[in-house]
Amino acid sequence: MPKRPDLSEIGSTGLRRTGGTVYEEFLVSLRGRRGAKVYREMSENDPVIGSILYAIEKIILRLEWTVEPSSDKDEDREAAEFIEQCLYDMSDSWDATLSQILSMLVYGYAFHEIVYKIRDGAGNEDPSRRSAFSDGKIGWRKWPIRAQETHNNWMFDEDGGIQGFEQIDPYGAGIHRIPIDKGLLFRTTSAKNNPEGKSLLRTSYRPWYFKRRIEEMEAIGIERDLAGLPIAYMPPEYLSSTASVDQQAVRDSIVSIVQNVKRNEQEGIVFPLVFDDRGNKMFSLELLNSGGSRQFDTDKVINRYDQRIAMSVLSDFILLGHERTGSFALGSSKIDLWTMAVEAICKSIAEVINYHAIPRLLKMNGMKIGSTPQLVYSEVSHIDLTEIADYVSKLTTAGAITPDEEMEKFLRGLAGLPIADSQDNDLDFGQEEEEEPEADRGKDDDALDTQEPTKTETK
């Protein structure tokens, strides 16, 4: 008798966590809700990061998302049609839902709660029953996001499996515990089964940190150069530790003036004109002009950090032309690599929906789940039409391929051109001679009858 296999789990993934809190991030400032605030600042304040995220989002949103049946059987086609109906019958549009899912790029993960409804017709006032369909089946009402800033803890089982999301209600309604079978967890990576994934901006945090501070110092330096460095003079006793209360008050006022000297529409300082017994001014304020340019070119330093930020997400091609360097061929190859990364993001989103959301919904409706339909997306990759045209031209000239109707359809599709009518598109044969209209038949014969007979030559 064969030995019964050991079905228990002995080891662990090694995820560093205590209870429901994950400590995988070694920088304390990037953990939990504190990290969510930092990543939000990075995504909304930095123009380079903002342009990268905007480009990724718009590329993914422009794709066509459809549901394909698992086979040509009638039941599989009906299941695919039902899932696609539910996908585009939610209260939030698919583009709006997808945009929320893409917040995982900023925070590393996005948790969405699945809210169901009964498909009971569009006229129903109850949102839990309102639908464009009235077949009584269970559908998706919406997939609302549970904001990363409101996350409190993760719910784990004894083996480290993710069991749910614990949220602090932002409106003071306590803590919500959402089980994993009623939610969808989208992650950029599943290393160590970390529910928080890894932010797309994590490797750009260091250059962003230094860049932000250099920009702040640069702005302060420009302001100081324009206003001049303020210097105030006052009697020594005002600076002494034994200064009276009145002297301390005067000293603090002058210090405040020096610290807040700025160039604006309200500039101007009123200073007391007081002389000592020898006729010297007791109080004075002067502006020290800049001695010249700074030792470091902050513009080059900031550009270097911008490039590193873009490199961290394979998007440094967006900087081509800003520095008047870089070839078109190099930029094209970088775009191809970037589109491959974008396609990987689309694949991870589709897998979560295909493995979790679709089978659950089919099971709730008592439909077969042996071979479920799949959510798919259109082509993401960058296509260089010039290279395609050159490639096809060379193969055709060499006789390696022969253009046909199918190839023309494919090439037209790549360029976004309309498909030609097959009746007007005969590549290998000449067009058939048009049939003469019935009304014109016999006209030529009548014309011949009316012509004068030709005279024959007589010998």
Item to check | Ranked packing of 32-41, 8-17, most packed first, by mean Cβ within 10 Å | outcome: 32-41, 8-17
Checklist outcome for this item: For segment 357-367, in residue order, the Karplus 3J(HN,Hα) values (coefficients 6.51, -1.76, 1.60; θ = phi - 60°; whole Hz; Gly and Pro = x) are 5, 5, x, 4, 5, 5, 5, 4, 8, x, 9
Checklist entry - So between LYS142 and ASP246, what do we pick up on full extension, going 0.36 nm a residue minus the alpha carbon distance? => result 30.7 nm
Next on the checklist: I'd like the distance separating the alpha-carbon centroids of segment 1-72 and segment 194-211, in whole Å.
Outcome noted: 12 Å
Checklist entry - If you count, for each residue, the other Cβ atoms within 10 Å and average over each peptide, how do 96-106, 164-174, 393-403, 131-141 line up from highest to lowest? => result 96-106, 131-141, 164-174, 393-403
Checklist entry - Once amide H atoms are built 1.01 Å from N in the peptide plane, which residues 5 or more positions from TYR116, or in another chain, come under 5 Å H to H? => result ARG141
Checklist outcome for this item: Sequence order, segment 149-154: Karplus ³J(HN,Hα) from phi using 6.51 cos²θ - 1.76 cosθ + 1.60, θ = phi - 60°, Hz rounded, Gly and Pro as x, gives 5, 9, 5, 10, 8, 9
Checklist entry - What full-extension length gain, to one decimal in nm, is calculated for ALA389 and ARG77 as 0.36 nm per residue of separation minus the Cα-Cα distance? => result 108.6 nm
Checklist entry - Mind listing which GluC sites (Glu not before Pro) in segment 182-245 are in a DSSP loop and have 12 or fewer other Cβ atoms within 10 Å? => result none
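Read the figures in this text as sums done on the coordinates, not as results from a lab. No experiment lies behind these values; they were computed from the predicted model shown. Positions of Cβ are backbone-derived with ideal geometry, glycine not excepted, and every protein chain shown enters the neighbour counts.
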